1. Being farther than 23 Å from ALA102 by Cβ, outside any helix (DSSP H, G or I) and out of contact with any Leu (no Cβ under 6 Å at 6 or more places or on another chain) narrows it down to one of GLY12, GLY65, GLY28, GLY61, so name that one.
2. Confirm whether ALA181 is touching a residue at least 40 places away in the same chain (Cβ under 8 Å), in the same structural domain as GLY65 (by TED's automatic domain parsing) and crowded, with 19+ Cβ neighbours inside 10 Å.
3. Are any of the residues in the stretch 182-199 in a loop (DSSP other than H, G, I, E, B) and under 15 Å from the mean Cα position of the chain (by Cα)?
4. Does LYS203 meet the test of being outside any helix (DSSP H, G or I) and either assigned by TED's automatic domain parsing to the domain that holds SER236 or surrounded by fewer than 20 Cβ atoms within 10 Å (Cβ to Cβ) (or both)?
5. Do the conditions hold for ARG38, that is, is it free of Cβ contacts under 8 Å to residues at least 60 places away in the same chain and part of a helix (DSSP H, G or I)?
6. Can you report the number of residues in the stretch 206-230 which are in a loop (DSSP other than H, G, I, E, B) and crowded, with 20+ Cβ neighbours inside 10 Å?
7. Within the stretch 11-29, identify whether any single residue is exposed (fewer than 14 other Cβ atoms within 10 Å of the Cβ), in contact with a helix residue (DSSP H, G or I) (Cβ under 8 Å, 6 or more places away or on another chain) and in contact (Cβ under 8 Å) with a residue 40 or more places away in the chain, and answer yes or no.
8. Mind checking which residues of the stretch 343-399 are surrounded by fewer than 17 Cβ atoms within 10 Å (Cβ to Cβ), in contact (Cβ under 8 Å) with a residue 60 or more places away in the chain and among the aliphatic types (A, V, I, L, M)?
Amino acid sequence: MLRVIDKADVKGKRILVRVDYNVPLNKGGSISNDERIRESLETIRYLVKKKGRVILISHLGRPDGRVVEELRLDRVAERLSRLIHMPARKIDTSIGREAEEAAASLKPGSIMMLENIRFYPGEEENDKAFSSGLARLGDIYVNDAFSVSHRSHASTLGVARLLPGYAGLQLAREVGFLSRAVENPKRPLMVIMGGSKISDKIKAIEHMMGIADYVLLGGALANTVLKAAGKGVGKSLVEESAIDCAKGILEKASRGSCARLVLPLDLSAATRAEADAEVKTINLETSSIPKGMMSLDIGPETVKLFSSIIKKAKTVIWNGPVGMFEIDPFARGSIAIAKAIASLKVKALTIAGGGETIAALAKAGKKAEKGFTHISTGGGAMLTFLEGAEMPPISILSLTGKGEHDVDNHQRQE
């Protein structure tokens, strides 16, 4: 259980809120998608309504500890102001006298945004002095950025050790849904893993094989497992360095004491990844992908197989598209999977996560998107959760975990 901010007295308090406004920018530098900002509005509106003094912390891009003019948060603050219909004052620093004076003068029910937190080397280093500088700006700390909560940085962990810490409403929702799916799932529990690199997901696959009833693999990562199983995959994308890990998954599945591992029966292949390429369906039970061709999507028989298994599910976790969905002829598998999950007639818990998964889901249409219980933007954080790994920025907010904040010591340092 997490300490959630709606259980705290925030009136008149300076509240440091870690959000994730790492939004995509187009070539002109304007924001092309503001979904991450919208996700934070519930917590911010709650704090404003309760007369908290809201101080937002975020990063944008990868400035690597130095000031990059194009990555300042001014345009983000402007977009937030428009979305929330009130001013969000942005300052040009994150620690030091100017920031402390701005925080001290902030009125109840007002919003202030610090400069890009990754302009400072101390952020990603989780530097104690930098964390202390941030903590001096606030009375309470709130983490509402699940998508960066797999990283133990100053703004996700260091400051949480120095101030009373709480989960924001969005973070609490993310953790709640994933906990229900993993820790006490309604069965059958099905996990669908796609995407390109199996090395990024091997730990999550292995862990979930010990929890789920079915683990379905698609996308380019399935190529590596298929090759490990002795299948010919032509010139398909394969992680040669992960072949041994893939063999380990197959060996574990063969022992029968874990989830049923389901691989593609057929694949849609072409000589090139282009919309006008000639597509052939390759039946993996009777043949292999020719040397000059590559797998770009799951085939129609695999769609039928996966969909038939999905129909049985009462809990579904989907991370990673099952084909190169960006190109229309190879989006069919991912669209079919999305629609199959969304159309579950039983009252199932269905979760989709990761940037590419969300983009593939968008291709399936609004009806499919609305059919999911929860859509998570926390790709890396979601995978860390599915690995069963500890996430210190979250566990420190637990009612029973290692979450004691060192407020007295911090105050003595001041």
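The values are calculated or read from the model by the stated rules, or taken from the named source; none is laboratory data. This is a predicted model, so every value here is computed, not measured. In this analysis, Cβ positions are derived from the backbone assuming ideal geometry, glycine residues included, and neighbour counts consider all displayed protein chains.
1. GLY28
2. Criteria not met by ALA181.
3. Yes - at least one qualifying residue is present in the stretch 182-199.
4. Values: outside any helix (DSSP H, G or I): no; either assigned by TED's automatic domain parsing to the domain that holds SER236 or surrounded by fewer than 20 Cβ atoms within 10 Å (Cβ to Cβ) (or both): yes.
The answer is no for LYS203.
5. Values: free of Cβ contacts under 8 Å to residues at least 60 places away in the same chain: yes; part of a helix (DSSP H, G or I): yes.
Yes.
6. 2
7. Yes, the stretch 11-29 has at least one match.
8. Passing the criteria: ALA389, LEU399.
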